[in-house]
């Protein structure tokens, strides 16, 4: 290969890395944003599970049903205040509130998740947890 042919090949490759960066940079940034969004979903799942546990425990140590639900709701809302984008729902799924029974609640809320990417995909997470009613519950 002559000297002029080698120079021509080198000149033809000029700007190729710039084109690669222009094409790949947005793809890499989008990939990182998707990872962050799914990380928020995983974090939300853990937070909702923890809130359900705390809500069931907070309700199980109360003396009456109305106070138990109010305390369960308060505990769940405190745990999920920075995770959920909407209201927190706390529903009792166990029957009654008699001694020697189980107090079960289901906590659910809408988490931010993929909304940060502009994808308006509703992501409602829910978790359920049970706690035995404390035989030494607080006196009213």
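The values are calculated or read from the model by the stated rules, or taken from the named source; none is laboratory data. Everything quoted here is computed from the prediction, not taken from an experiment. Cβ placement follows ideal geometry from the backbone for every residue including glycine, while neighbour counts extend to all protein chains displayed.
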Open item on the list: Looking at region 48-75 only, could you name the residues that are surrounded by 22 or more Cβ atoms within 10 Å (Cβ to Cβ) and under 14 Å from the mean Cα position of the chain (by Cα)?
Closed with: 48, 51, 52
Open item on the list: Pairs needed: first member in region 53-66, free of Cβ contacts under 8 Å to residues at least 24 places away in the same chain and on the phi < 0 side of the Ramachandran plot; second member anywhere, surrounded by 14 or more Cβ atoms within 10 Å (Cβ to Cβ) and assigned to a helix (DSSP H, G or I); C-beta distance under 6 Å; at least 6 residues apart or different chains.
Closed with: 58/71; 58/72; 58/75
- [ ] Quick one: count up the residues across region 97-115 that are outside any helix (DSSP H, G or I) and touching a helix residue (DSSP H, G or I) at 6+ places or on another chain (Cβ under 8 Å).
- [x] 10
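Results for (1) touching a strand residue (DSSP E or B) at 6+ places or on another chain (Cβ under 8 Å); (2) within 30 Å of residue 31 (Cβ to Cβ), shown as yes or no for each residue.
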{"site": "54", "(1), (2)": "no, no"}
{"site": "61", "(1), (2)": "no, no"}
{"site": "64", "(1), (2)": "no, no"}
{"site": "68", "(1), (2)": "yes, no"}
{"site": "82", "(1), (2)": "no, yes"}
{"site": "86", "(1), (2)": "yes, yes"}
{"site": "95", "(1), (2)": "no, no"}
{"site": "99", "(1), (2)": "no, no"}
{"site": "109", "(1), (2)": "yes, yes"}
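Out of contact with any helix residue (DSSP H, G or I) (no Cβ under 8 Å at 6 or more places or on another chain) and either modelled with pLDDT of 90 or more or on the phi < 0 side of the Ramachandran plot (or both): does that describe residue 33?
Taking the combined requirement at face value, the residue does not satisfy it.
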